[in-house]
């Protein structure tokens, strides 16, 4: 039986999806409508700004492809697809939500004080990543999906591998608390 192109080329599939996702996301970011729904609650006002939160924020962007490639190369192939398909489906649904119902945040401080690397990195982030297209949160969705993949994958059955799950939980909670996006 001949396997499909997707089954034979999972890296190619991830590359094609990445091109699709980044293209659509960039289009939505650069064509922000004048009227977006502002997502805000009183709890947001109680969370202090912390410039050091850029560390887990940027680590999140490394953690996603790292996990995909790790499962692809180390785990049974079905573990990879069990992560990849819901992850990409959820990200696509989020893009559709952003197109239909644009959302935004108004949490960022007007000025990030300091000249250290953390303050400079936050200013760079604010210049390059708008505070739009935030609900549903791709950060939260992807973090939860990865966490489920860690629990479902057979390669993480050993107790020594549970530290990866704990580290991912830490990144997830730090990203939520950061309120950088």
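In this simple spin-label approximation, residue 58 and residue 77 carry label points 7 Å from Cα along the Cα→Cβ vector, and these lie 3.7 nm apart. Each residue in 84, 50 was given a count of other beta-carbon atoms within 10 angstrom of its own, and listing them fewest first yields 50, 84. Simple spin-label estimate for residue 49 and residue 5 gives 4.8 nm between the two label positions (7 Å along the Cα-to-Cβ direction from each Cα).
Per residue, the Cα convex hull of the range 12-110 amounts to 138 Å³. By the beta-carbon count within 10 Å of each Cβ, the least crowded to most crowded order of 100, 122, 39, fewest first, is 100, 39, 122.
Using bins of 10 Å that start at zero, the share of Cα-Cα pairs per bin across the range 66-112 amounts to 23, 28, 24, 21, 5, in whole %. Grab the beta carbon distance between residue 19 and residue 124, set R0 = 35 Å, and tell me the FRET efficiency rounded to 0.05. My answer for the efficiency is 0.90.
Relative contact order of the chain: what whole-number percent is it, with Cα pairs under 8 angstrom and at least 6 residues apart? Intermediate values should be presented prior to the final figure.
Values: 151 pairs, mean separation 60.4, N = 181.
Computed value for the chain: 33 percent relative contact order.
Counting neighbouring Cβ atoms within 10 Å and putting the fewest first, the residues 23, 153 line up as 23, 153. For the chain, the mean residue ellipticity at 222 nm estimated from helices alone is -21500 deg cm²/dmol, where every DSSP H run of n ≥ 4 contributes -39500 (n - 2.57) and the total is divided by all residues, rounded to the nearest 500. Can you give the log10 of the normalised intensity I(q)/I(0) at q = 0.10 Å⁻¹, computed with Debye over equal Cα scatterers of the chain? Here log10 of I(q) over I(0) equals -0.46.
Every number here is computed from the coordinates shown, using simple stated rules; none is lab data. Values in this document were obtained by computation on a predicted structure and should not be read as measured data. Cβ sites come from the backbone with ideal geometry, for glycine too, and all protein chains shown count toward neighbours.
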